[in-house]
Amino acid sequence: MDWHPLRLTTPVKQHVFGGRAIAERLGRTGLPDGPVAETWEVSDIDGDTSTVLDGPLAGRTLRQIMVEHPEELLGPRLSPGPRFPLLTKFIDGSHPLPVHLHADDTTARRLEGEPHGKTEAWHILDAAPGATALVGTRPGVDRDTLHRALLAQDFDAVMRRLPVRAGQTVYVPGGTLHSFGPGTLVHEIEQTSDIQRHAMRTRMEDGSPVPDEEWHSNLAALLDQWHPDPRPEFHPGLDIRTDDGAVRTVLCAGPYFALERWTSGDTLGHSFSTVRILTNAGAPVAVTSGDRTVRLDRARTLLLPAALGEIHVQGPADVLIGYVPDLDRDIRAPLLAAGHGPAAIAALGEGLGPR
């Protein structure tokens with residue numbers, strides 16, 4: 001197989017909370033008219049599986065490549081599962097997203113019949129002055145108190161409202177009640193899952209009303225999947241200076257994924273043994289692997305199979321890199337070597353406490 005960086009189709013969701021920020025602020029082309037709430041950059045969700053656009057694998061879905069070439073795609077450390085492990089998106093919260101949650105792994109298997117849940121993280125690309133997010137519930141809120149607030153649609157009575165600033169990131173464990181917007185543009189990385197439970201009286205797809213019986217059923221399911229304890233915080237990430245002069249900022253990390261932002265005024269080199277998702281947050285760049293060079297425009301993504309092993313990004317570069325980490329080797333050890341303390345490292349996500 002002639003392995004190369006993979007360009008993929010990107011399903012688009014035109015939910016009512018979206019606007020035109022992905023096109024107008026990020027310069028993304030080829031989007032449909034009207035509100036665009038989400039572009040799914042790498043997806044193995046049933047019905048929305050990304051397909052390779054060019055090269056020897058053109059026309060193959062991500063799931064087909066998982067089946068046919070699991071080790072070359074994922075690398076020897078990652079175990080092939082029923083789906084590609086990561087889902088990444090651009091999300092335009094021009095209007096508020098619905099208040100909702102996603103089950104964690106145990107709850108997803110028990111109540112949703114799904115193999116795993118959905119922990120996610122938001123990296124804020126742009127935010128209007130005064131933008132906020134609802135992330136987790138306040139201390140002391142119990143099930144009955146939360147239920148009453150949801151019935152009244154009084155979310156601020158029970159949820160934590162946090163300020164949102166560009167460049168910050170928050171890691172949101174499964175079971176955490178959340179929302180963001182208006183005026184917020186996000187890059188999101190998460191487990192591959194589309195399970196969710198909403199608290200709203202209207203549908204996010206088209207704004208139509210949810211019938212009373214369905215709404216009460218939604219609230220009951222949400223309460224069964226809610227975890228009261230997570231109270232995530234936004235943070236700017238932790239920097240590591242690389243040998244070639246680039247800055248590697250670890251934005252978040254946990255057992256399911258890590259997200260990093262790499263910047264360089266010159267050519268940026270990146271070696272890897274497991275699959276990477278490379279998303280361009282800055283000006284167009286050239287990405288070289290072996291004897292092949294491809295252009296990557298702003299707000300576009302390449303999937304980098306593990307078989308490539310190394311790429312070079314001709315700068316100036318400002319790129320996001322998502323992957324499934326070995327927390328000790330990929331995150332904890334390099335951050336400690338760069339002088340960051342255990343408490344700061346632990347705050348990046350989960351599973352990073354002192355060993």
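The values are calculated or read from the model by the stated rules, or taken from the named source; none is laboratory data. As the structure is a prediction and not an experimental result, all values here were calculated from the model. For neighbour counting, all protein chains shown are included, and Cβ atoms are generated from backbone atoms with ideal geometry for every residue, glycine included. Just so you know, the surface numbers come from the protein's heavy atoms only, side chains and all, with ligands and any DNA or RNA stripped out. Shrake-Rupley method; radii C 1.70, N 1.55, O 1.52, S 1.80 Å.
Table: residues versus (1) assigned to a loop (DSSP other than H, G, I, E, B); (2) crowded, with 20+ Cβ neighbours inside 10 Å.
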residue: 145; (1), (2): no, no
residue: 151; (1), (2): no, no
residue: 170; (1), (2): no, yes
residue: 174; (1), (2): yes, yes
residue: 186; (1), (2): no, yes
Do we find that residue 195 is farther than 25 Å from residue 156 by Cβ, at pLDDT 95 or above and touching a strand residue (DSSP E or B) at 6+ places or on another chain (Cβ under 8 Å) in this structure?
no
Cβ-Cβ distance below 6 Å, separation of 6 or more or different chains: which pairs start in the stretch 306-333 with a residue that is within 19 Å of residue 119 (Cβ to Cβ) and end on one that is open to solvent by 30 Å² or more (accessible area, probe 1.4 Å)?
320/261; 324/85; 327/351
Selection from the stretch 213-232 of residues of a type in the set (D, E, K, R) and touching a Lys or Arg at 6+ places or on another chain (Cβ under 9 Å) yields 224, 231
Can you give me the number of residues within the stretch 291-302 that are touching a residue at least 60 places away in the same chain (Cβ under 8 Å) and either open to solvent by 70 Å² or more (accessible area, probe 1.4 Å) or touching a helix residue (DSSP H, G or I) at 6+ places or on another chain (Cβ under 9 Å) (or both)?
4
Scan the stretch 96-124 residue by residue and report those that are over 17 Å from the mean Cα position of the chain (by Cα), over 14 Å from residue 135 (Cα atoms), in a loop (DSSP other than H, G, I, E, B) and touching a residue at least 24 places away in the same chain (Cβ under 8 Å).
114, 115
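Conditions tested, residue by residue: (1) of a type in the set (A, V, I, L, M); (2) touching a helix residue (DSSP H, G or I) at 6+ places or on another chain (Cβ under 8 Å); (3) open to solvent by 10 Å² or more (accessible area, probe 1.4 Å); (4) farther than 29 Å from residue 258 by Cα.
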residue: 183; (1), (2), (3), (4): no, no, yes, no
residue: 189; (1), (2), (3), (4): yes, no, no, no
residue: 192; (1), (2), (3), (4): no, no, no, no
residue: 195; (1), (2), (3), (4): yes, yes, yes, no
residue: 209; (1), (2), (3), (4): no, no, yes, yes
residue: 214; (1), (2), (3), (4): no, no, yes, yes
residue: 219; (1), (2), (3), (4): yes, yes, no, yes
residue: 222; (1), (2), (3), (4): yes, yes, no, no
Residue that is open to solvent by 10 Å² or more (accessible area, probe 1.4 Å) and at pLDDT 95 or above, where the choices are 77, 109, 83:
109
Quick check on residue 354: is it surrounded by 17 or more Cβ atoms within 10 Å (Cβ to Cβ) and in a loop (DSSP other than H, G, I, E, B)?
no
Output for the stretch 44-60, where each listed residue is open to solvent by less than 70 Å² (accessible area, probe 1.4 Å) and either without any contact (Cβ under 8 Å) to a residue 12 or more places away in the chain or under 26 Å from residue 122 (Cα atoms) (or both)
44, 45, 48, 49, 50, 51, 52, 58, 59
